[in-house]
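Each remark here refers to the structure printed beneath this line.
What follows draws every value from the coordinates through simple rules; no lab data is involved. Quantities reported herein were computed from a predicted structural model and do not represent experimental measurements. Here Cβ is always computed from backbone atoms with ideal geometry, including for glycine, and neighbour counts include all displayed protein chains.
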Amino acid sequence: MSDFHSSVLVIGGGIAGIQTSLDLTELGFKVYLVEKKPTIGGTMAQLDKTFPTLDCSLCILAPKMVEVYRNPNIELLTYSYVKNIKGSAGNYSIKVIRKPRYVQEDLCKGCGDCATICPVKGIPSEFDAHLSSHGAAHISFPSSVPPVYLIDENKCLYLNHGICQLCKSNCKADAIDFSQKPKEVKIKVGAIVIATGYEQEYPEFYSQLSGQNPNVLSSMQYERLLSANGPTGGELLRFDDKKHPHKIGFLQCVGSRDFHHPDCKKYCSSICCMSSAKQAIVTKEHSPDTECYIFNTEIRAKGKNFYEFIVKSKEEYGVKYVNGSVASVKEDNSSGKLRLAYENIDKGVVENDEFDMLVLASALFPNKSYYKLLDCLDVDYNEFGYISEKGLAQCEDGFIFFTGYSSKPKDIPVAVAEGSACASKISEKLHEVRFENIKEVTFPPEIPVLAEDEPRVGVLVCQCGINIGGVVNTTEVVDYIASLPYVVHAEENMYSCSSDSQERIKEMIKEYNLNRFIVASCTPRTHEPLFRNTIREVGLNPFLFELVNIRDQDSWVHQSEPEKATQKAKDLIRMYLAKVVNLRPLEKIKVEVEKASLVIGGGIAGIISATSLANQGFEVYLVEKNPNLGGNALEFVDLFDIPMHENDILKSINDLKTRSNVHILTNSKIIDINGFVGNYKITVENIENPSEMEEFKVGTIIVSTGGSQSKTERWGNVLGKHPDRVFTQNQLEAINDTELPGFKDATIILCVDQRKNEINLGDGIKTYCSNICCKVALKNIEKLLKINPEAHIHVLYRELQYSDLNAERLWRDLRKYVSFERYGSINDIDIKDNGERFHIQYNNIGANCDIEYDSDILVLATPEVPGEKTKELAKMLKVPTTKDGFFLEAHVKLRPIDFATEGIFLCGGAHWPKWIDETITQAYGAAGRAAMMMVKGEVETEGITSYVNEEKCIGCGVCETVCPYQAIEILENSKKVGLYEIVEKKAHVINAVCKGCGACAAECPVGAINQNHFTKFQIKKQIELLTGIDTQRCEVD
Amino acid sequence: MSKAKAKKKSEFEPEILAFCCNWCSYAGADLAGVSRFQYPASIRILRVMCSGRVQPSFILDAFKNGIDGVLITGCHIGDCHYITGNEYTRERMKHIKTLLPKIGINPDRFRLEWISASEGKQFAELIREFTENIQNIGPSKITKKLGKIELDLK
């Protein structure tokens, strides 16, 4: 056994850190999550919407934050920082400093009574990007995790002047503690993940753009302004005159992509184009009359269906894009407007215009604590201010990994995949010590509660200090509830969530022999797991519980109507009582999981996934249709900005071949996939020898079938005659230097048949951007220049997607030797056969005239497309694809490498064309996600699932169609009726896969499917009890 | 409108049943509370995991019992925690709208709205507006029926 520590330190509690932490605990490691702010959630919690689906950011993030908070294997150290790191790979000693909140975390109920009474006002809110303010006693935002207040030590009257202490006397929970001092915590871990995220300057920093003007906002400030929980409640207002802005300018690349100015960042922040397009769309949705202008250097929309999002903003929402930078911003004091002077590149002129509000999409950069950490680890950073490649490799050797914005600029789905990838890499290193520090909670055996047992309900009504008790007459509520049928005992208390209350609940259950329990307090979204756990601790099934919300949805929203609020509390508890008496114990069934994985596709993604899984000790079946492994990657001459080269790939393949737990099936085709998570039966056929079949069982499946570059019909008459001088980009990469015909002039045409927009139209033009062509062109330029340094190379482009650090640098270098020429529509490029050479004529944007020249060879960036068998495979796996035929993940933002169907994962070009670094990240991530399902050898089903009444079921299959998780199958049974044999169809719920949404129950035409815990009977009873209770009849009964 | 009639309408306190999905609209209702946005004490929220669970018979049951208004809220289309659950709700509820007048119930007593977890303010506004609408329509013509707590012994 190795002597590595089985715990991991994760620094940074944004979405990258959250994902890494959650995955690590699933893989069997304890996590210390250190966050310098008082809450986790990071930047994503501040966002209003996310692109390109316009999801509500908090809606998708908050459940993950709560999951972290409730996870017994994550020790959350918020408002803390790492002071030092000592040790080596597998054995680190960490010193963490916990800053004093002056509020005791275990006592604070998050009621806000301290903030209400605090006399200090006007401290700028960091969460609202300084657009609102709070007092010395405050919480970052309402859904903060942990939901604990804190006192600003620089502003508190007591801490600075020895007077006040109003909060202390107002806190019913006695949680205020002014004696707190910074506390040093020592922890020991085996690996470290750094996920420190990014920062953005406030607009004041950009004085040349009138950043001090209240109507000039940073993009984060604008995000807060748009947000429904922001400073204006989502109303779009100017900050000085409180009027609606009618014309808004979004300024891109402020303080970035600038190699000359010392205050500017040299790189592209990579997410601003998309985030500005999103903000403009949301603005238009708020008020369609508002004009939105986006001033850009060029639009970089690098990601799945991102380019279509930009087109949608123009065509559907009327967002205007101006290609050119803003030279100056002047304030017009009389009109209150902001006057812009800017260059319009498309027209070749300088123009002026007036705006009501400006949004600066200014540079994003790693925060200060990042550099302290790099110093602490003694690694250097590159010219862009990010950890160097050498540093990164050095860190990985020491089990230290970087994710999110801390390794380089990236958006949320890439950060999430990278979080999972870090967890997978750590699992490779520490797999021998898995589960050593994991807390497995043990409970006493469950008390059987049968359907015929008389319900005995206990009710606890919470006063939540004065939060409920100050409005709702809780005593009256308790008296009323105690009089209702089946209620054996009801009482009230100050704080139901405190630890002494948990003991009281247990006492009540024992004392009154209760078999159902109701707590009427706050929201089940945060507190239901706590109470369920409590009743389980005395042997009651956790599903025999309901939490009735009489705070967030009652006392807090009817503060001036105590009588009505009291009546509402009674009504709600009565409704839920009608449900509670009908609750049944539910079981989370354990399903055995085969500790083996099928990896489909032996390209770079498949190789990495298979290797990572094998390193974690799992059996792997790697199926590839070609005779050899390696895929597209082997054809690449050089992979310039990733730490992997051709030889490394060959080495990985050879390494994989020697593994005893890896079965490589080349020349093979999958012909059948049967089963569900944990238990898939796979049949594979040898393509050359179809009689040779292999069958095996796996628990999980990884899809890494990749993609390829398509051919074009365009200029067919001309190009068809000279196939030896026309190449796709991939073909040029793959060809040997010596096989290339001699050339003086070469032309690379980007965006051939892709990126459809208002001027680039025509059949056969794909709507999307293939993402990788601009970067592949850089490699091809290098190749062509190596062969003929004197050659004249033309690159005909539309917009260059060089948001990666090294691509930007290489492009700046290469453009000294190569002419980058911009065109508008592919239809404007005319190619004629000039005998020996091609004659090219196109309309140049910028010069605004036709340009003609001759070229010896042509290189075309045609669209990247999914593998040819994608559709067939999708059908077999029962997973969806996009309109372009790529596989569709479970959620584009937060589940980028999962399918909605449990147990199946996705990575590489099958998901979307992507650069190799991202493919590798996804491949590690997919391996980690698959490993999570397999480490325990079993998965637990949801307790709340659907079930079928077979007698009623007519086998129509509607439920199967509506189920988004393929959790319902229609089974066919032969049955003998008299002389005849008939086939009877019945729906069957696969418990392991059911997520418990209940859509099938609502859709079933004969009422044969029902949802546990939300049965038709239970809900109907709740509805009936809303209007009141017929107690008389009950007494008669 | 006569003064007496107007007074009568404002005195009427509607009883409204609101279905909220656990992930978006219930969270939006919570946020209204956390932000202390005040709204009329007319609604009683019934939590379901997904708006897709709500079957038409629930709405009819509510009206049958004399409830004055029924509201269904879910995640915005595309945001559904269960991917497509709310799309089925949308389709189902189109039918309800056309069915209600046929059985003598004003279709405006029923409403389907999308509320996200960050739309606390919108939630409060929705309740204010819907309550007012129901007040204008007047009390349900169906006599209120009191419920009975019963056990499902099947």
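Remarks
- 14 Å tail of the calculated P(r), the stretch A:956-1037, as % of Cα pairs: 71 percent
- Rounded to 10°, Cα long-axis angle of helix A:57-70 versus longest principal axis of chain A: 60 degrees
- Between the listed residues A:TYR149, A:CYS108, A:ALA136, the Cα displaced farthest toward the positive end of the dipole of the stretch A:100-179, a dipole computed from Cβ unit charges relative to the Cα centre, is found at A:ALA136.
- Estimated D of the stretch A:768-825 in µm² per second, where Rh is the Kirkwood radius over Cα pairs and Stokes-Einstein applies at 20 °C, 1.002 mPa s: 180 µm²/s
- Surrounding net charge for A:TYR32, when Lys and Arg each add one and Asp and Glu each subtract one, Cβ distance under 13 Å: +3
- Taking each DSSP H run with n ≥ 4 as -39500 (n - 2.57) and averaging over every residue of chain A yields -8000 deg cm²/dmol at 222 nm.
- Under 19 Å from A:LYS368, Cα to Cα: lysines that are on another chain or at least 8 residues apart: A:LYS36, A:LYS37, A:LYS83, A:LYS95, A:LYS99, A:LYS265, A:LYS266, A:LYS408, A:LYS410
- Mean per-residue shielding of peptide A:137-150 is 1, counting Cβ atoms of other chains within 10 Å of each Cβ.
- Sorting A:TRP912, B:TRP23 by the number of Cβ atoms found within 10 Å of their own Cβ, with the fewest placed first, yields B:TRP23, A:TRP912.
- Between helix A:412-430 and chain A: long-axis angle, C-alpha atoms, 0 to 90°, nearest 10: 80 degrees
- Cβ neighbours within 10 Å from other chains - mean over A:43-52: 1
- Acute angle (nearest 10 degrees) that the helix A:773-787 long axis makes with the longest principal axis of chain A, alpha-carbon atoms: 30 degrees
- Listed by chain and number, the lysines placed with their C-alpha closer than 19 angstrom to that of A:LYS588 are A:LYS439, A:LYS936, A:LYS995; residues fewer than eight positions away on the same chain are left out.
- Quarter of the Cα convex hull surface for the stretch A:199-365, i.e. its orientation-mean projected area (nm²): 9.7 nm²
- When you filter the trypsin sites (Lys or Arg not before Pro) in the stretch A:561-625 for DSSP loop state and at most 16 other Cβ atoms inside 10 Å of their Cβ, you are left with A:LYS588.
- Over the protein assembly as shown: Rg over Rh, Cα atoms, Kirkwood Rh: 0.97
- Among A:231-241, A:143-153, the order from most to least packed when residues are scored by Cβ within 10 Å on average: A:143-153, A:231-241
- A:ASP380 paired with A:ALA393, simple spin-label distance in nm, labels 7 Å along Cα-to-beta-carbon: 1.5 nm
- Antiparallel beta bridges, as assigned by DSSP with both residues in chain A, represent about 50 percent of the total such bridges.
- For the stretch A:749-853, the list of GluC sites (Glu not before Pro) that fall in a loop by DSSP and count at most 16 other C-beta atoms within 10 angstrom reads A:GLU758, A:GLU790, A:GLU836.
- Inter-site label distance for A:ASN844 and B:LEU153 at 7 Å from Cα along Cβ, in nm: 9.1 nm
- Legend: mean number of C-beta atoms from other chains within 10 angstrom of residue C-beta atoms, peptide A:551-561, equals 6.
- Whole-Å semi-axes of the ellipsoid equivalent to the stretch A:100-179 (Cα gyration tensor, √5λ, descending): 18, 16, 10
- Taking the alpha carbon gyration tensor of the stretch A:709-865, multiplying each eigenvalue by 5 and rooting it gives semi-axes of 21, 19, 16 Å, largest first.
- Peptide ranges A:3-15, A:966-978 listed from the most packed, as the mean C-beta count within 10 angstrom indicates: A:3-15, A:966-978
- Between the amide H of A:ALA327 and those of A:ALA341, A:TYR342, A:GLU343, distances stay under 5 Å, these residues lying 5 or more places away or on another chain, with hydrogens modeled in the peptide plane.
- Within the stretch A:306-396, trypsin sites (Lys or Arg not before Pro) in DSSP loop having at most 15 other beta-carbon neighbours inside 10 Å: A:LYS347
- Candidate membrane-span-like segments in chain B, meaning DSSP H helices with Cα atoms spread over at least 24 Å of their own axis and a Kyte-Doolittle mean of -1.0 or above, are B:120-137, with no membrane implied.
- Distances between placed amide hydrogens fall under 5 Å for A:HIS134 paired with A:GLY122, A:ILE123, A:SER125, all partners being 5 or more residues away or on another chain.
- Estimated vicinal HN-Hα couplings, Hz - the stretch A:683-698 in sequence order (Karplus 6.51, -1.76, 1.60; Gly, Pro = x): 10, 10, 10, 7, 5, 6, 10, x, 6, 7, 10, 10, 10, 8, 10, 9
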